[in-house]
Ligand code: AMP
Ligand code: MG
């Protein structure tokens, strides 16, 4: 789901109890995906907003409404680096299309697809956009929200020790038996290798945004799916940005924001209490995440 393989790891309960809990969590996550996606044929309130006449008030599903407010808060706190209204631009670039596009769009179409600043407004009962270029896109945060929903369902099912891993974006609870969970942070240029291994326990999320997730090389240049709202082009200077935060929603939103902000965003993210690891275009590491293992061990759970 969500364009990736989602892996559930559960310890400390019977196989039967784990199976039941995983099914319930996966159902909840699939429901979140259907509610937020701007792709596919299934309709939802996000798509209704995106095709609405500017000036009309659109009622979003309550969960969409709440996550939008959270996303707008991250937009403000990241000085616009995170922007949940880049739907037109995202659809134009087509990294998430089926099949994905593999050449950059013309420069004038890119400029035309950038939404006006503050293009959305909350009205009584819903949201209004002021431009047809103002389209919701929860691609930078909905996966984290889905992971959080999945963990909430696992907890409801009595699970105390688990990881949900959606293509390297994770939230974990509890421990792995008599030791913490071991989490590897991917090397953005060497598939299957990790640059850091972390030992974590309790209830915590680790999310990475990377230029290796959805990309193509065109005329020797890498084009990827994380867009700089000020230029309309893929953000340059960073290969991956990892955030450790209490929830996957925050970690997801902020890892996308930090990818765009680059090293100058580290202080901002750390002031929020997050732990950060950035890999820049030279492969150098930045941020306070210190390795617990100097030699990367093969991750038990990516
Ligand atoms: P992530 O992999 O979490 O960094 O999210 C990337 C996805 O978020 C893209 O595929 C787009 O759907 C969306 N996106 C791209 N650029 C931005 C941005 N500047 N702010 C918020 N969402 C974005
Ligand atoms: Mg993200």
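Summary of values
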{"read-out": "Options 38, 10, 22; residue that is within 30 Å of residue 118 (Cα to Cα) and surrounded by 15 or more Cβ atoms within 10 Å (Cβ to Cβ)", "value": "38"}
{"read-out": "Region 190-234: number of residues that are assigned to a strand (DSSP E or B) and within 22 Å of residue 163 (Cβ to Cβ)", "value": "16"}
{"read-out": "Some residue of region 81-90 being surrounded by fewer than 20 Cβ atoms within 10 Å (Cβ to Cβ) and either touching a residue at least 12 places away in the same chain (Cβ under 8 Å) or more than 18 Å from the chain's Cα centre (by Cα) (or both)", "value": "no"}
{"read-out": "Checklist (1) modelled with pLDDT of 95 or more; (2) within 12 Å of ligand 1 (Cβ to nearest atom); (3) under 24 Å from residue 31 (Cβ atoms) applied to residue 167, failing item", "value": "(1)"}
{"read-out": "Test: residue in region 48-55 that is crowded, with 19+ Cβ neighbours inside 10 Å and part of a loop (DSSP other than H, G, I, E, B)", "value": "no"}
{"read-out": "Candidates 85, 101, 60, 92 - the one that is within 30 Å of residue 217 (Cα to Cα) and in contact with a strand residue (DSSP E or B) (Cβ under 7 Å, 6 or more places away or on another chain)", "value": "85"}
{"read-out": "Residue in region 201-245 that is nearest to ligand 2 (Cβ to nearest atom), counting only those that are closer than 15 Å to residue 183 by Cβ and surrounded by fewer than 19 Cβ atoms within 10 Å (Cβ to Cβ)", "value": "203"}
{"read-out": "Within region 126-160, considering residues that are touching a strand residue (DSSP E or B) at 6+ places or on another chain (Cβ under 9 Å) and in a loop (DSSP other than H, G, I, E, B), the one nearest to residue 180 (Cα to Cα)", "value": "160"}
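The values are calculated or read from the model by the stated rules, or taken from the named source; none is laboratory data. The shown structure was predicted, so the numbers you read here are calculated from the model rather than taken from an experiment. Counting neighbours? That spans all protein chains shown, and the Cβs are built from the backbone with ideal geometry, glycine included.
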